[in-house]
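Accompanying notes for the structure given below.
Where a number appears in this text, it was derived from the coordinates with a stated rule and is not lab data. This is a predicted model, so every value here is computed, not measured. A quick note on method: Cβ atoms are made from the backbone with ideal geometry, for glycine too, and the neighbour counts reach across all protein chains shown.
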Amino acid sequence: MPMSTQASLSQSQHGQAAGGAADGSVSLVTAVGGTATAVGNTTAATGSVETGAHDNGHASVAMGNASFQATAESTSGTPSAQAATYLDVSGADVLVIHQSQGSTQQSSDASAGAVLHFVAIANGSHDPHGPVVIDVQQPWHDQPGGLDAVGGNFAQVWATADAHGSHTAAITFSDATTAENQFSFVQAAALVAV
């Protein structure tokens, strides 16, 4: 779903003034976010998104993280858990991404997780072949002592965004939903423009 659509559907939305580079145009825009869903009698879903950007007039740098986890247990039926992150970037000359995603499924429990870290740099070096992209993907390893579904249905999520410089924008969106003995769902996104 495009970022603008998510922002218009939000139950919780926060923003700063819009703008861009010294000439009034936006030079670097990043949107990072994710979702986590757990289905079962006992469920938990959590998510966090944080991003920040700075423009000093010569270069713009944005960096951020997204982390989403879900776990489910079920005594009646098969539980399921999904987690995903995403990143959309416009105007970067260099982009470094490190991400990990995966899940486990048993007959009475399931878990999933997704983590993404990024750094985007716009320095005016516009390569005609596109930006330099370094994308490191690693398998998901369930974290010991991580998220645990303990009685009931739990959902918690937060998002932060900071943009520094002239004519900048920062917007966040988050939503957490549970249904007793059924599911937990979270989603969040953060956009910065400098």
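Here are a few things to note about the model shown:
- The peptide list 127-134, 53-60, 67-74, put in order of mean Cβ contacts within 10 Å with the highest first, becomes 67-74, 53-60, 127-134.
- Rounded D (µm²/s) - segment 89-132, Kirkwood Rh over Cα pairs, Stokes-Einstein at 20 °C, 1.002 mPa s: 165
- Placed amide H near Ala155: partners under 5 Å, 5+ positions off or other chain: Ala45
- The ranking of Thr43, Thr178, Thr172, Thr104 by Cβ neighbour count inside 10 Å, starting from the fewest, reads Thr104, Thr178, Thr172, Thr43.
- In sequence order, segment 172-183 has phi-based couplings of 10, 8, 8, 8, 10, 9, 9, 9, 3, 6, 10, 7 Hz under the Karplus curve 6.51 cos²θ - 1.76 cosθ + 1.60, θ = phi - 60°, and Gly or Pro positions carry x.
- Over segment 24-79, the alpha carbon radius of gyration divided by the compact-protein estimate 2.2 N^0.38 Å works out to 1.81.
- P(r) for segment 31-141, from all Cα pairs and a bin width of 10 Å, is 15, 35, 25, 15, 8, 2 %, short bins first.
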